[in-house]
Every structure is written in C-alpha cells, then in structure tokens.
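Student: Got a structure for you, questions after.
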Amino acid sequence: MKSNSPYLPISDYGLIGAMHTCALVGNNGSIDWACLPAFDSPSTFGRLLDWRKGGYYQVAPVDVVSVERRYLPRTNVLETTFTTASGVARLVDFMPIHPPSHSRITLGSGRRGAEPDVSHLLKHPRSSHITPTISLSGSDVSEPFELRFEEKIVRILECVAGEVEFAVDCFPAFDYGTIRPRVILDDNDSRHGLAHGGANALLVYSSMPWDVSEDGFVARGTISSGEKVYTAVASMSHYTTDFSINEAWVDPAQIEHLLEKTVAYWEDWSNNCGPEGGLSDDLLRSALALKALAYEPSGAIVAAPTTSLPENLGGERNWDYRFTWIRDATFSLKAFLDLGLTEEAAAFKDWLEWTTAYPEDLQLMYGIRGERRLDERVLPLEGYWWSNPVRVGNGAAEQFQLDIYGELLDSAYIYRELSGELPDRDYWALLRDVVEFAAQNWKRPDAGIWESRGGDRHFVYSKAQCWTAVDRGIKLAEDLRSQRPDAGLDQDIERWIPIRDEIRDEIMEVGFDSELGAFVQSYGAGHSTPRR
C-alpha cells in the first residue's frame, strides 16, 4: 500500500443528510462523497474512491493551522471551525429537509385480495418524467418509493475573528467520475453556474462570483469578522441551459431561512426521541445517524451511505452497502421503538411488508425502493487508499441465506411486543408463509451471514435463525389465537412445535463443540463431526 496518501482517514469525515441521501464532509472542508439525488445514485462527488477522478466540493480557509468540529446540538447540521494565522472561520454544512412524501403506500388490506387504492397516483405513472421545481422550498409530492425532488447541499463560511482568505472549489464528476461535465456560468450573474453531462446536471451557487477552471468552479476572496460566504449545489433529474429559472433558486436570505428550518426540524425530532427525560448525548447522536440513513419516501434504511470502503486497507472485500438488508430489520425496528419513534418503525415495517411479497422470493437485501435486481459491476476507479476493486451493486442479493427468515419473523415479533399491535390478517398470511418456508427448508445449506462466495455450507447461525422463525411464529400465533379462533392457528402451533424442537436438538448435537465450549461457524468446523 502506498505511503503519503492524500486520502483522509474515515474518522476525519462527518455525515450530513436529509433522509434521501447523505454526504461525507472531511475536516478539511471537502465533500468527497455525495450521491445525488438518492443514496443509490451514481456519485456526483466521489473523491473518496478516486482522488484524481472522483470530484469534490471544498470550502475552507487557506493556510489552516487547526481544526475543530462538532454537530450543532441535537441536529445533523455539521459545524467546522478553522483557525488560521490571521483569523478564525466557521463552516456550517447541511442538507435541507424535504416535506414528507404524503403518497407513501401503507398496507392495511389487500395483499391477497383487494389491492390498496393507488388511483390517486396514476396521474404520474412511474414511467413518466416529471420536471423538477427549481426551488429550495419546493413542496412537490412524490410517488411512493420515487424521488421527485432535487437534492441540495448548503454551506456557509463565516469569519468570526480577524480576517480569513478562503477558497471554494466545486468539481463535480458524474457517474462515479466517469463523465467529464461541461461547466457554464450565467452570462448575467456569475454567482450561478451549471454542470451537466449524460443524464446528470448540477446547479451551483456562490455569493462570491464563480470563475470556471477546467471542469469545475472556483471562488476566491477574503472575509472579515462577521462576513459570510454562501454556497450551495442542487441536483437536477434533467438539465437546461436557460438560466432564466436559475437566478431565483437560492440567495443568502433563503439559505439562512433554510438553516433555521433545518435546525428546527432536527431539534424537534430529537426532542421526541426516547423517554421524557431525554437521551444521553452519545445515544442521541446514534439515533440521529440512524435517522439520516433512512430513505424517507419508502421507509427503508440503508446499511451505509457508501460503497467499496474496504474491510481492510488494500484488501479486496469492498462491497456496496447502499441497500437495505432484511437482517437489519430486527435491530432497526427495536432501536426505533426503544427510542419511541413509532412513525419510523411503522414506515420500516410497511417497507418490509410491501417488499417481501412471498417467502420463496425473499431476498436478503433490496434496493431502497424495493428493487430486486442489484447487479454487481466493477468501476475503473483506484479505490479508497488504493483498495480495489470498486464495486457498485451487490451480487450477494442473489444468494440463498436462511437467516433472513428468522430475522423477518423476529422483527414482526419485536414490533408486536413494543408497539402492542398484532399483525393484521394480510401481514399474518405473509408471516405464516415465511414460518412454513423456514420449517420446510432449514436443513438446506446456505451462504450464511458472511455472504460466502465460496459455496454454501450448513451455518449454525442460519439454523438458529430458522429456529427463531418457527419460535416467533408460534408466539405470534398464540397471541393471535384469542382474536381469531377460526384461523387454524391451533393446527399451525401443533405442527411447528416439534419442528422447533428438532432444529434446536440438531444445533446442540452438531453445531456445538464441547471441547471448544462454543458453537462453531458451520457443521464440520472446529472439532465437530458433520452429520451430512
């Protein structure tokens, strides 16, 4: 691995987001990762994965002596304080919050009968192209699982002592750095610019006029105590070179208003987290991070906002985690419910129900809108700290992993225990099918939670999660039995109890190594003797 790397340690990045996507902001003021307009979009700023080609968006003083950073209390608004020889400057970074997606479909009935009423959505079929509103405070209503807003990143640099010379660099590189954009300035107002290429476009703004430098925009100047520089970018799903609509899309007054609204949103959200006494700072920060990873239009939660960060520097185990894993459902639902966030928990549960139609078709992961095809490909990028290959998509989506059946049932059981709500008839019909599938298939080998690409094995954890699927199915059926005596629940419980016992007995006989005093990873590992 090369020395003198330009790459920052991951710990030097802060995260900002608005429940559609996130950006990583380095302690040098550089946004080196941002996929716009959604988590799974190709990167617009991707220097994190290729320092030369990836693109970046940096706002910072020159000749910085020291850096301190924090989040504004109870928010996902990031503040970085730079000290130079001549003064002190404070950088505030945030992504404005969208209005909620009121047209998200929730399932109350109709899984195997009448379908949910979606007639109000037909005026905008999924195949149509809807022109985005170029407004920082637009109130468009999106389709379920579809993003119709332009996504924005807003940055404010303020001199708070002395005077500070600053530099603003905005070098977008669309489609993971593979598209060299064309960059142009408004002939009438060089504070506004546009970068476009392929199907991508980015509006750029700076209160200090831009200059064009090769494939990007630069602004330079000096500010004294109390003075500010405002800059912002907004993605567009299509582009225009007509600046008649661009001049009004943002100005300093709007940016200050957006900051006020964004801070107020996060403070209000934080005030509703946890018990009446509130949460510790560390726990609240974790809750804010989890909220930032939620995709608001659908309720899905991504495992991470990044792709191909290596498990070990210089290694090859670099995967795309901008998807939603079924196994994360249990942990995410429990976290939300423990924090009193019933709306987020219900949204994620609805996403699970909407996405997981039939157990035989269940995948271990899905796209944030419920996509099944997550085809994996390798990009021509050098990788973070030269760790390659760089992958987008995730071929593990096609693996057979038995643990997801237990995790899906466990999430339903936890939701019932902590919310007090029993599954309705249609959701129970799905859950019952999942229990039956686990009961009939638990003896099969699988790829396991390690997503092994070297062949299926009899992983002990997978067997244990099949036990969980049957056990939670029994418990839910027992809860439901008092309300639905005609549902055949007694027969289900009687059939599932011996299967649950059989799974446990085999795990203890074959999956536990008495010499090691521990469970083994898979049958035949350690000193165990495989039955098969």
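Student: Can you list the equivalent-ellipsoid semi-axes of the chain, largest first and in whole Å, using the square root of 5 times each Cα gyration tensor eigenvalue?
Tutor: Over the Cα atoms of the chain, the ellipsoid semi-axes are 46, 26, 22 Å.
Student: What is the sum of charges around residue 316, taking Lys and Arg as +1, Asp and Glu as -1, for the other residues whose C-beta is under 13 Å from the C-beta of residue 316? The partial results should precede the final answer.
Tutor: On the way: positive: 317, 391, 453; negative: 311.
In short, +2.
Student: Please give the FRET efficiency for residue 373 paired with residue 289, using the beta carbon to beta carbon distance and R0 = 35 Å, rounded to the nearest 0.05. Don't skip to the answer; put the middle values down first.
Tutor: Working: r = 29 Å, r/R0 = 0.82.
Calculated value: 0.75.
Student: Let me ask you something else. Among the aspartates and glutamates, which fall within straight-line cross-link reach of residue 228, defined as a Cα-Cα distance under 17 Å, with same-chain neighbours fewer than 8 residues apart omitted?
Tutor: 79, 93, 158, 163, 165, 169, 251, 256, 260
Student: Among 366, 358, 205, 13, which comes first, then next, by fewest other beta-carbon atoms within 10 Å?
Tutor: Going from sparsest to densest Cβ surroundings: 358, 13, 366, 205.
Student: Moving on. If Lys and Arg each add +1 and Asp and Glu each add -1, what is the summed charge of the other residues whose beta carbon sits under 11 Å from the beta carbon of residue 472?
Tutor: Working: positive: 416, 475, 500; negative: 407, 410, 417, 471, 478, 479.
Around residue 472, the surrounding residues sum to -3.
Student: A further question on this structure: Run the simple label-point estimate for residue 10 and residue 421 please: 7 Å along Cα→C-beta, distance reported in nm.
Tutor: Calculated label separation equals 3.4 nm.
Student: Could you pull out the pairs from 53/349; 291/443; 349/443; 261/349; 53/152 whose alpha carbons sit more than 32 Å apart here?
Tutor: Values: 53/349 39 Å; 291/443 37 Å; 349/443 28 Å; 261/349 28 Å; 53/152 22 Å.
Flagged as over cut-off: 53/349; 291/443.
Student: What spacing in nm lies between the two simple spin-label points modelled at residue 220 and residue 440, each 7 Å away from Cα in the Cβ direction?
Tutor: 7.1
Student: From the helices alone, meaning DSSP H stretches of at least four residues, give me the mean residue ellipticity at 222 nm for the chain, per-run term -39500 (n - 2.57), in deg cm²/dmol to the nearest 500.
Tutor: Helix-only estimate at 222 nm: -8500 deg cm²/dmol.
Student: Note the full-extension length gain between residue 66 and residue 361 as 0.36 nm times their separation in residues minus their Cα-Cα distance, in nm to one decimal. List each step's numbers first, then the result.
Tutor: Working: separation 295, 0.36 × 295 = 106.20 nm, distance 5.37 nm.
Full extension from residue 66 to residue 361 adds 100.8 nm.
Student: How long is the range 400-532 along each principal axis, judged by its Cα atoms, biggest number first, in Å?
Tutor: Projected onto its principal axes, the Cα set of the range 400-532 covers 48, 28, 25 Å.
Student: What net charge do the residues around residue 157 carry, taking every other residue with its C-beta under 14 Å from that of residue 157, with Lys and Arg at +1 and Asp and Glu at -1?
Tutor: That works out to -3.
Student: Now a separate question. Expressed as a rounded percentage, what relative contact order does the chain have, with Cα pairs under 8 Å and six or more residues apart?
Tutor: It comes to 12 percent, rounded to a whole number.
Student: Just tell me, in residue order, which DSSP H segments of the chain are both 18 angstrom or longer along the helix axis (alpha-carbon based) and at least -1.0 in mean Kyte-Doolittle hydropathy. Can you show the working numbers first?
Tutor: Details: long enough: 252-271 (28 Å, -0.72); 342-355 (19 Å, -0.65); 403-419 (24 Å, -0.13); 425-441 (24 Å, -0.26); 460-481 (31 Å, -0.30); 489-510 (31 Å, -0.69).
In the chain, the long hydrophobic H runs are 252-271, 342-355, 403-419, 425-441, 460-481, 489-510.
Rule-based calculations on the coordinates, nothing more; no lab input. Nothing here was measured: the structure is a model prediction, and the numbers come from that model. FYI the Cβ positions are ideal-geometry reconstructions off the backbone, even for glycines, and counts take in every protein chain you see.
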